[in-house]
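Student: Below is a structure I'd like to ask you about.
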């Protein structure tokens, strides 16, 4: 017994969840990027932060200094340590070298430099300070400083220090010339002068420098500045992947296929929310762990749950945002571009948020409300609060208990972390509800939508009555569609079928043997009017279905034939709920397709093989069947055996575990047929099911379809006349949206075929195959041709030296018995080896019907084709017209003018084209013709255009001939 209600919903949810898991598992690159992209971006933040720390490594301003370390007697640094120094360089230059005492002092300065004696090559001496100034002027940036000594007397030695006081920076590090060069020079000079004057070379005193104790000032944080964009980029991977997954299933009609099989929308959305929630949870957890691994204070000092919840709710919110935006995108290729636009816009708004807008007292509250509807803005503000709470080492961060209070260092306190959580969670449900609502009321690719207020109907929630499915948009810009004119069918069988259905509809009769009843099915695609740059461009209305009244009995296969554009697939789409009807209705086992609840019931009892394979490349054949078996509501205990049997029926057992992407075209069609047949549906709809199959497999699938007739109805469309001949219990041929004929294969051949086909083979040939052609007497062949000409007035349609083929009209059926009896008596005389007689093929019937429909359409639309006469003149003749009068050909001899007979055929695209024409002949005197007032038309430049012929009624020509 099939499941329904809540058990079916749970079963579908589990199957779809497994499907999402398998798709993610087999898309390894995408899933890896989704989960581990945070490692890459956090590593980039780590590198940026280290670069910033290195730039300010020579200062303690960004550290807590409670007990400063003293700097004792700093030495004279090497000249190479000075920024932008030029080589060769000197550690210092000095003046006063004429004094032996001063020379000795300078030598001891060089020898006693702490940690590094200064070589003599790194020092330059001069007599006077003016000479030093001249040298410095000629050699800029070659020396860090200069010492000037003057010996006043034996007890007084004075000195001076000369350095470049300009403060310069390199790679963000500033050089202080006073502390770096001037003070070491001063200490060294005073130390050696004192030792010289007191005569004690070991005399020393301790000189040290200490900064004030101070707290750390706030350092530039890479995480608070670049973090919003980087963490937004992490979430964008999941955002883009989710949009792409949803749009791909919509574009490839995968969701449509599941819906046709009875999928609940609730199960579909719930499976995606649950799966993405799990993936988002893992991604957010890894983000926090990676941040802790790189020892960011942001992650270490703030509470784990507070940080994790921010990332999780933001990424989860972005998934809901992806659900919403996916309803506006129809192409998977556009989803990535759309994601890039969202990222660019979000990055810009995050920068604005980091600079204080609008979470400041300077802005009104409604600014913050509007701004908070865009998720990246909330992320940026949350990161600002968390990074501000850990800006300096003494900041405690935000604990779980303080999440609803003002964050440390947040002086304005316009929003708390708890407020951000509430906003993210609330807007997630807003995006989800809006996505589900728009998914129902926004017209899909086929124009299907529900009423704007569909959720107010009690039947939507109880399932006991339904809203009617509507077509068109909420604000549709389509033109009004003219009603389809009521056309009485030309064919008596179609008329009889229509009358039966109309009678049953009017009287309310319910035939238990009828599976499907079409009640005036009409589908019209209205024209559209688009205004571009003040120019109005419109398209005409297209009538795809013009009123179908047909019964499809149980235990039968109804084969629907027709050329491309006849309306076959449109009819099937209407029956499966893919395309809404313009008018009319159809009942499938008593359920109306115009009711959404009725359509839900129908989908539980039908199996559909669409015209194109609707498969996931990453899933195997076995997984496809398992998924659709669960969606159909089959008991879980029987699914495995049913799937194995279905695979065996279509000869896919060996390829059961192969992914569908590796299947051939024929294998995919077999899998689609197996999906349609799974679950014992009461109605099976097969739209060209054997396309791409080899002859052996096609025959096998025919056997499967033949066996599937029992206990159910099957609707089959195909372009294979052989397939229709073999499988069809009844055949209907459509053209231009109308049913042109209906009946069994034999009846259609007898009514619409050109007649009987007689094949005569001569001695030396077997079964009509040429062999030993030279042995056949040509006189005997000519005799047979003359015999057919004399008795039936026919000539061979095909002939060779060994066989002849004749087409005999139905009107001569009464002559055939005596004719073939006499022909058999004269077999020896004519050298006949075999005689075969049969009806024309179904293909010929199909071509005749299609050609007739094309002729009618061409005549109604008044379209023209160019005809070149034997005289070389070109005229425009109405398509489909057999007898055409030529304007301007009236003469004294032929006062009514000339005419031509035109033969038509269909080209490869099905359009009418001229196949042959007669020579110009005079118009018979009894034919009514219009006056020839205008023989040509002038174009916009005033030049003569082409001549337009006029149609002569064929009935008048028949009267003349008779």
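Student: Can you put 319, 157 in order, fewest other beta carbons within 10 Å first? If you can, show how the numbers build up before the last one.
Tutor: Numbers: 319 24, 157 21.
Result, fewest neighbours first: 157, 319.
Student: Based on DSSP, what percent of beta bridges with both residues in the stretch 66-159 are antiparallel, to the nearest 5? Mind showing how you got there, number by number?
Tutor: On the way: 4 of 12 bridges.
The antiparallel fraction comes to roughly 35 percent.
Student: Roughly how many whole Å is it from the C-alpha centroid of the stretch 117-160 to that of the stretch 607-673?
Tutor: 95 Å
Student: Can you put 794, 784 in order of Cβ neighbours within 10 angstrom, beginning with the fewest? Provide the component values of the computation, followed by the final result.
Tutor: Values: 794 16, 784 22.
Result, fewest neighbours first: 794, 784.
Student: Could you tell me how many degrees, from 0 to 90 and to the nearest 10, lie between the Cα long axis of helix 129-138 and the main elongation axis, the longest principal axis, of the Cα atoms of the chain?
Tutor: Taking Cα atoms only, the helix is inclined about 10 degrees.
Student: As a test of the formula, what do you get for the chain when each DSSP H run with n ≥ 4 contributes -39,500 (n - 2.57) and the sum is divided by the residue count, at 222 nm and rounded to the nearest 500 deg cm²/dmol?
Tutor: On the way: 29 runs with 411 residues, N = 962.
Rounded to the nearest 500, it is -14000 deg cm²/dmol.
Student: For an R0 of 51 angstrom, estimate the FRET efficiency from the Cβ-Cβ distance between residue 800 and residue 505 and round to the nearest 0.05. Let's see the in-between values first.
Tutor: Numbers: r = 55 Å, r/R0 = 1.08.
The formula returns an efficiency of 0.40 here.
Student: Something else now. Looking only at the stretch 492-747, where both bridge partners belong to it, what percent of the DSSP beta bridges are antiparallel (to the nearest 5)? Write out the running numbers ahead of the final one.
Tutor: Working: 27 of 44 bridges.
Percentage antiparallel, nearest 5: 60.
Student: List the extent of the Cα atoms of the stretch 238-302 along each of their three principal axes, largest first, rounded to whole Å.
Tutor: Result for the stretch 238-302: principal-axis Cα extents of 54, 20, 12 Å.
Student: May I pose another question? Quick check: from the Cα gyration tensor, does the stretch 193-295 come out rounded (a/c under 1.5), prolate or oblate?
Tutor: Numbers: a/c = 6.61, a/b = 5.63, b/c = 1.17.
In terms of gyration-tensor shape, prolate.
Student: In whole Å, what three semi-axes, largest first, describe the equivalent ellipsoid of the stretch 71-209 built from its Cα gyration tensor (square root of 5 times each eigenvalue)? Intermediate values should be presented prior to the final figure.
Tutor: Working: eigenvalues 120, 70, 31 Å².
Largest first, the stretch 71-209 gives 24, 19, 12 Å.
Student: Shifting gears a bit: Quick one: grab Rg to one decimal and Dmax as a whole number for the stretch 228-441, Cα atoms only, in Å.
Tutor: Rg then Dmax for the stretch 228-441, in Å: 18.3, 63.
Student: For the stretch 586-648, max minus min Cα coordinate along each principal axis, in Å, sorted largest first?
Tutor: In descending order, the Cα extents are 35, 29, 18 Å.
Student: OK, next. For the chain, give me the percentage of DSSP beta bridges that are antiparallel, rounded to the nearest 5 percent.
Tutor: 75 percent
Student: Ranked highest first by the average count of other Cβ atoms within 10 Å around their residues, in what order do 571-583, 329-341 fall? Mind showing how you got there, number by number?
Tutor: Details: 571-583: 22.8, 329-341: 15.2.
Packing order, densest peptide first, comes out as 571-583, 329-341.
Student: Also, I was wondering about something else. Give me the Å³ per residue figure for the convex hull around the C-alpha atoms of the chain.
Tutor: Working: hull volume 328.1 nm³, N = 962.
Given the Cα convex hull of the chain, per-residue volume reads 341 Å³.
Student: By how many degrees, 0 to 90 and rounded to 10, does the Cα axis of helix 5-26 deviate from the longest principal axis of the chain?
Tutor: Once rounded, one gets 60 degrees.
Student: Specify the angular offset, from 0 to 90 degrees and rounded to the nearest 10, of the alpha carbon long axis of helix 778-792 from the longest principal axis of the alpha carbons in the chain.
Tutor: Tilt of helix 778-792: around 80 degrees.
Student: How would you classify the stretch 492-747 from its alpha-carbon gyration tensor, with a ≥ b ≥ c the square roots of the eigenvalues: rounded for a/c under 1.5, else prolate if a/b is greater than b/c, otherwise oblate?
Tutor: It comes out prolate by the Cα gyration axes.
Student: Just order 661-669, 863-871 by mean Cβ neighbour count inside 10 Å, highest at the front, would you?
Tutor: Working: 661-669: 16.2, 863-871: 13.9.
Taking the mean over residues of other Cβ atoms within 10 Å, the ranking is 661-669, 863-871.
Student: Cβ neighbours within 10 Å, averaged per peptide: list 267-277, 829-839 in order, most packed at the top. Don't jump to the answer; show the numbers that get you there.
Tutor: On the way: 267-277: 18.9, 829-839: 15.4.
In descending order of packing, they fall as 267-277, 829-839.
Student: Then there's this: Among 31, 178, rank each residue by its count of other Cβ atoms within 10 Å, from fewest to most, as a rough exposure measure. Don't jump to the answer; show the numbers that get you there.
Tutor: Values: 31 17, 178 12.
Going from least to most buried by this count: 178, 31.
Quick note: the coordinates plus some simple rules give every number you see, no bench work behind them. What you see is a predicted model; the values in this text were computed from it and never measured. Glycine also receives a Cβ, built like all others from the backbone with ideal geometry; neighbour counts cover every protein chain displayed.
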